[in-house]
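This report concerns only the one structure given below.
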Amino acid sequence: MATITDARVIVTSPGRNFVTLKITTSDGVTGLGDATLNGRELAVAGYLRDHVVPLLIGRDPARIEDTWQYLYKGAYWRRGPVTMTAIAAVDTALWDIKGKVAGLPLYELLGGKAREGAMVYGHASGGDVAELLDDIARFRDLGYQAIRAQAAVPGTPGSYGVRHGRGVYEPANASLPDEQMWSTEAYLDFAPGYLAAVRERFGFHFHLLHDVHHRLTPTEAGRLGRRLEDLRLFWMEDPTPAELQESFRQIRQATTTPIAVGEVFNSIWDCQQLITERLIDYIRVSVVHAGGITHVRRIFNLAELYQVRTGSHGATDLSPVSMAAAVHLDVTVPNFGVQEYMEHEPVTHEVFRPTYELRDGALHPSTAPGLGVEMDEEAAAHFPYEPKYLPVSRRADGSVHDW
Ligand code: KDG
Ligand code: MG
């Protein structure tokens, strides 16, 4: 039996911060797992180094489910983003190793392809409506079949989801949290108009998505969803914070606009009610933040029973390692909906070399064994960690709003 002989945590910042776990077995096989938790990276790195790596040495790398249960139940303290991101990294690295040992791409181990590629949505944005429309045109030209649209709300600089300049949109933008102003009234006055402008200009032959980023109350969200119904959105994302899962019943009663939730969830218990009462249409959990391939597959399987489809989180804070894992899983599950995809900056690929490919608006996994991602550790060493935080949102009276 092979055993785990080494597990190392690598923190690097090629374009943005990433935490990666690299596990090595006594047979010399290595596996990678993403452990990046935006703005809290070092908490996961410390959790892994101090409390998980010592437990891995000597274990059988083939026993993925047992290791998952051991780390989850054995800690006594369950769930939470730090714990579940750490478990995810171990889980993903062990699936990578299993694939390499078998000589098979991960999707084969997960039951084989149910589709050829995973349709992705891109992030179009603009400082004003004209810029947003130009950006949508760019994504249409690139062959995207699904596009998320966000425009800066007039009078609220730093509006969520808007790219500045030509680079990728990167919300973790400052060494201490940037404080951004938010007005629900201004947003509700403005957003339906620009989403309507997108449909007027480009029609209905592509999927249009919009992220509310937890900013509304259930009452406000119901009203917005109703106003957007004629635009036939693919989804309205995170209309309200989802700790109170039953609040989605009120949104459901108010509107038929489809709802997507879950990028901040880390376990099946965070979405059990949303799924089993069909309070959402898409579940957005990601491999990196919700316990790895083993646990996210369980969530997707539960969702399938309730006709809830998948739409995994895929912002730039998910490294190419977890993006590869997501694509392998996406092509195998029957209830796949869409995959979020924000391209990383070119410098990120000096460290991470994924083999998935974007074609016709879909990501296609390669046939390389395991995840199909290589990591250049020498290159990683040239990009030291830089503290970066997500912004904080404040209302006009100075009180803190949901970001
Ligand atoms: O780290 C936070 C980002 O991943 C998040 O703000 C992105 O809302 C997001 C999205 O839909 O990608
Ligand atoms: Mg979001």
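The values are calculated or read from the model by the stated rules, or taken from the named source; none is laboratory data. None of these values were measured; they are calculated from a predicted model. Reconstructed Cβ throughout: ideal geometry from the backbone, glycine too, with neighbour counts over all protein chains shown. Ligands, DNA and RNA are excluded from the accessible area calculation, which covers all protein heavy atoms including side chains. Shrake-Rupley method; radii C 1.70, N 1.55, O 1.52, S 1.80 Å.
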For segment 19-131, with the dipole built from +1 on Lys and Arg beta-carbon atoms and -1 on Asp and Glu ones, taken about the Cα centre, which of Leu55, Ile97, Ala35 lies farthest toward the positive end? Leu55
Angle, helix 184-202 long axis vs. longest principal axis of the chain, Cα atoms, 0 to 90°, nearest 10? 90 degrees
Volume in Å³ per residue [convex hull over Cα atoms, computed for segment 179-279]: 113 Å³
Straight-line reach from Lys98: which lysines have Cα under 19 Å away, leaving out those fewer than 8 places along the same chain? Lys22, Lys113
Leaving out ligands and nucleic acids, and using a 1.4 Å probe, what accessible area per residue does segment 46-203 come to in Å²? 44 Å²
Note on segment 284-347: the mean projected area of its alpha-carbon convex hull, in nm², is 3.9 nm²
What residues have an amide H closer than 5 Å to that of Tyr341, excluding those fewer than 5 places away on the same chain, when H is modeled at 1.01 Å from N in the peptide plane? Tyr121
What GluC sites (Glu not before Pro) does segment 205-280 have in DSSP loop regions with at most 11 other beta carbons within 10 Å? Glu243
Once neighbouring chains are kept in place and the probe is 1.4 Å, which whole percent of the accessible area of the chain is contributed by carbon and sulfur? 51 percent
Using the Cα atoms as the points, what is the convex hull volume per residue of segment 283-403 in Å³? 161 Å³
Lys, Arg +1 and Asp, Glu -1 on Cβ, resulting dipole of segment 112-168 about Cα centre, debye, nearest 20: 280 debye
Descending Cα extents along the principal axes, segment 239-318, whole Å: 34, 27, 19
Checking a compactness column here: for the chain, what do you get for Rg(Cα) / (2.2 N^0.38 Å), N being the number of residues? 0.95
What Kirkwood hydrodynamic radius do you get for segment 4-105 when you take the inverse of the mean 1/r over all pairs of distinct Cα atoms, in Å? 13.5 Å
Length released on extending from Ser26 to Lys73, taking residue separation times 0.36 nm less the Cα-Cα span: 14.3 nm
